[in-house]
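A.B. asks: Structure provided below as structure tokens; questions to follow.
The values are calculated or read from the model by the stated rules, or taken from the named source; none is laboratory data. This structure is a prediction, so every number in the text was calculated from the model and none was measured. Here the Cβ positions follow ideal geometry from the backbone for every residue, glycine too, while neighbour counts run over all protein chains shown.
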Amino acid sequence: MAEPIPLPKKELSSKLVQEIAKNSNEIPEQYLHKNGFPQAIDAPDLWKDALLIDFSLLSSSSTELAKLRSALSEWGCFQVINHGMESSFLGEMIEVSKQFFELPLEEKLKCSAANDIFQGYGSDAIYAGNQTINWNDRLFVTLYPEEKRQLKFWPTKPEKFRGMIQEYSMKLTNMLEPLYKAMARSLNLEEDCFLKHQGKNGLITGRFSLYPRCPCPERVLGVKPHSDGATLAFLLPENGVQGLEVLKDDVWHKVPVIPGALFVNFGDLGEVMTNGVFKSVMHRVVTNDAKDRISVAAFCTPEDSKIIGPVSELIGDHKPQLFKRFDIHEFRRMFFENYAKGRRTIEALKL
Ligand code: OGA
Ligand code: NI
């Protein structure tokens, strides 16, 4: 890749939501959903039972596997507890992320790249196209595999940040293999079925997001409705600040924050891989006028060398192949092209 060129400060800072929010109470037009959007319902009990997975039981309990299967096939998401990461560690991840966004603009701009939309500090405005822009700033960094990391985008401040990111990546990576195996077993497939399509060195991209408090939450979205361009994604939200919502049967549902839990969702590549058996969930982030919100997302994709498509085990006489085969580079291009037009890539991948 060519050497990254940091965006000129003036150009980027005019697009940074943190700067916009700091300098004025007016929300620029491009961030306003003029006709608003449908409200979400609250169904807290769902997230205490059907959509709550105990990671430590996945290797031994058929009840837990059945829950995993129905969560992924009906919703495309769940929250996971007992995953081996301490609540205090997760709290610290959020804390160092918050400290990063609190740094002076000059310091943060050291991690920006004008010519790479997949890396560094910046704003979603660059791939918004003509769409309403998301009310957040973010830092994208490659977490895994190690040889793909571009440390020039890894902040050197706060001092603990790099060590924390490193530890978080390692812990997430350790969750992947058991999770892919459990998914396969939940469908009565050979347990390496998804793992071998995914490969062990698939890219994991981290996205640290700041959603500044917003004076007009009924017209502004932190992230517009979308599904992720990943096999699956992990989301660590900040305790005490709700924002994430998921769509099921045309109804938006609030996702409560459960301290110590991670939110896991399937993305477009996961839906393709399972030939539509597991769903890539549509989700969005709403804003609020009381508090900034931080989240840390990690997107897992297959190894670069893999041809992505439905696994043969899920294609048969009564189960026609629903999606094309393609490579990851083709997919990435398609994803951002479609995102900028407000379309889901999964639609373009259907046969
Ligand atoms: C995303 C996303 C949710 C959140 O970055 O794709 O859906 O709560 N984030 O930050
Ligand atoms: Ni998302």
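A.B. asks: Enumerate the helices (runs of 4 or more DSSP H) found wholly within the stretch 32-113, keeping only those where 1 or more residues are hydroxyl-bearing (Ser, Thr, Tyr) and within 20 Å of PHE299 (Cα to Cα).
C.D. replies: Numbers: elements: 62-70, 87-101, 105-109.
Fully inside the stretch 32-113 and qualifying: 87-101.
A.B. asks: Just to be sure, is ILE165 more than 16 Å from ligand 2 (Cβ to nearest atom), β-branched (Val, Ile, Thr), surrounded by 15 or more Cβ atoms within 10 Å (Cβ to Cβ) and under 28 Å from TYR31 (Cβ atoms)? Full working, then the answer.
C.D. replies: On the way: more than 16 Å from ligand 2 (Cβ to nearest atom): yes; β-branched (Val, Ile, Thr): yes; surrounded by 15 or more Cβ atoms within 10 Å (Cβ to Cβ): yes; under 28 Å from TYR31 (Cβ atoms): no.
No: the conditions fail for ILE165.
A.B. asks: Follow-up. So in the stretch 268-283, with the set limited to residues that are aliphatic (A, V, I, L, M) and more than 15 Å from the chain's Cα centre (by Cα), which one is farthest from ligand 1 (Cβ to nearest atom)?
C.D. replies: First pass over the stretch 268-283, keeping only residues aliphatic (A, V, I, L, M): 269, 272-273, 277, 281-282.
Checking the rest, the ones that are also more than 15 Å from the chain's Cα centre (by Cα) come to 272-273, 277.
Details: VAL272: 18, MET273: 19, VAL277: 22 Å.
Looking at residues that are aliphatic (A, V, I, L, M) and more than 15 Å from the chain's Cα centre (by Cα), I get VAL277.
A.B. asks: Follow-up question, since we're still on this one. Among residues belonging to the stretch 194-222 that are farther than 16 Å from THR132 by Cβ and among the aromatic types (Phe, Trp, Tyr), point out the one that is nearest to ligand 2 (Cβ to nearest atom).
C.D. replies: In this case the residue turns out to be PHE208.
A.B. asks: Where in the stretch 119-211 are there strands (runs of 3 or more DSSP E), lying fully within it, with 2 or more residues that are within 18 Å of PRO302 (Cβ to Cβ) and touching a residue at least 60 places away in the same chain (Cβ under 8 Å)? Step through it out loud before you land on a result.
C.D. replies: Working: elements: 120-123, 137-144, 204-211.
In the stretch 119-211, 137-144, 204-211 are the strands (runs of 3 or more DSSP E) which contain 2 or more residues that are within 18 Å of PRO302 (Cβ to Cβ) and touching a residue at least 60 places away in the same chain (Cβ under 8 Å).
A.B. asks: On to the next question. Which of (1) surrounded by fewer than 20 Cβ atoms within 10 Å (Cβ to Cβ); (2) modelled with pLDDT under 95; (3) not β-branched (Val, Ile, Thr) does ASP45 not meet, given it meets every other one?
C.D. replies: Only one criterion in (1) surrounded by fewer than 20 Cβ atoms within 10 Å (Cβ to Cβ); (2) modelled with pLDDT under 95; (3) not β-branched (Val, Ile, Thr) is unmet by ASP45, namely (2).
A.B. asks: Shifting gears a bit: Do we have ALA114 as at pLDDT 95 or above and surrounded by fewer than 16 Cβ atoms within 10 Å (Cβ to Cβ) here? Spell out the reasoning first.
C.D. replies: Numbers: at pLDDT 95 or above: no; surrounded by fewer than 16 Cβ atoms within 10 Å (Cβ to Cβ): yes.
Criteria not met by ALA114.
A.B. asks: Looking at the stretch 306-332, which of its residues are under 13 Å from HIS197 (Cα atoms), free of Cβ contacts under 8 Å to residues at least 24 places away in the same chain and either of a type in the set (Asp, Glu) or surrounded by 19 or more Cβ atoms within 10 Å (Cβ to Cβ) (or both)?
C.D. replies: Matches in the stretch 306-332: ASP327 only.
A.B. asks: Return a yes/no flag: does the stretch 191-199 have any residue that is over 27 Å from ASP124 (Cα atoms), more than 16 Å from ligand 1 (Cβ to nearest atom) and under 19 Å from the mean Cα position of the chain (by Cα). Step through it out loud before you land on a result.
C.D. replies: In the first step, residues of the stretch 191-199 are kept if they are over 27 Å from ASP124 (Cα atoms); the result is 191-199.
Now narrow it down to the ones that are more than 16 Å from ligand 1 (Cβ to nearest atom): 191-199.
Narrowing the set further to residues that are under 19 Å from the mean Cα position of the chain (by Cα) leaves 198.
There is at least one residue in the stretch 191-199 that is over 27 Å from ASP124 (Cα atoms), more than 16 Å from ligand 1 (Cβ to nearest atom) and under 19 Å from the mean Cα position of the chain (by Cα).
A.B. asks: Let me ask you something else. Could you tell me which numbered condition ARG207 fails, if it satisfies all but one of (1) on the phi < 0 side of the Ramachandran plot; (2) away from ligand 1 (no atom under 16 Å from the Cβ)?
C.D. replies: Condition (2) is where ARG207 drops out.
A.B. asks: Additional query: Do the conditions hold for SER209, that is, is it of a type in the set (Ser, Thr, Tyr) and under 17 Å from ILE94 (Cα atoms)?
C.D. replies: Working: of a type in the set (Ser, Thr, Tyr): yes; under 17 Å from ILE94 (Cα atoms): yes.
When the stated conditions are applied, SER209 passes them.
A.B. asks: Report yes if GLU26 is modelled with pLDDT under 95 and of a type in the set (Asp, Glu), otherwise no. Give the steps one after another, and end with the answer.
C.D. replies: On the way: modelled with pLDDT under 95: yes; of a type in the set (Asp, Glu): yes.
In short, yes.
A.B. asks: Also, I was wondering about something else. Scanning the stretch 223-244 for residues that are out of contact with any Ser or Thr (no Cβ under 9 Å at 6 or more places or on another chain) and within 9 Å of ligand 1 (Cβ to nearest atom), which turns out nearest to THR274 (Cα to Cα)?
C.D. replies: ALA233
A.B. asks: Name the residue that is nearest to ligand 1 (Cβ to nearest atom), counting only residues in the stretch 284-309 that are in contact with a Ser or Thr (Cβ under 8 Å, 6 or more places away or on another chain) and under 19 Å from LEU179 (Cβ atoms).
C.D. replies: Only one residue tops the list, namely ALA297.
A.B. asks: Which one of ARG219, ARG185 is away from ligand 1 (no atom under 15 Å from the Cβ), under 29 Å from ARG325 (Cβ atoms) and either at pLDDT 95 or above or more than 20 Å from the chain's Cα centre (by Cα) (or both)?
C.D. replies: Numbers: ARG219 fails: under 29 Å from ARG325 (Cβ atoms).
Checking each option against the conditions leaves just ARG185.
A.B. asks: For ASN265, only one of the following conditions fails: (1) under 22 Å from THR173 (Cα atoms); (2) free of Cβ contacts under 8 Å to residues at least 40 places away in the same chain; (3) within 12 Å of ligand 1 (Cβ to nearest atom). What is its number?
C.D. replies: (2)
A.B. asks: List, please: which pairs have Cβ atoms under 7 Å, are six or more places apart or on different chains, and start with a residue in the stretch 71-87 that is among the hydroxyl-bearing types (Ser, Thr, Tyr) and end with one that is not in a loop (DSSP other than H, G, I, E, B)?
C.D. replies: As it stands, the answer is none, since no pair meets every condition given.
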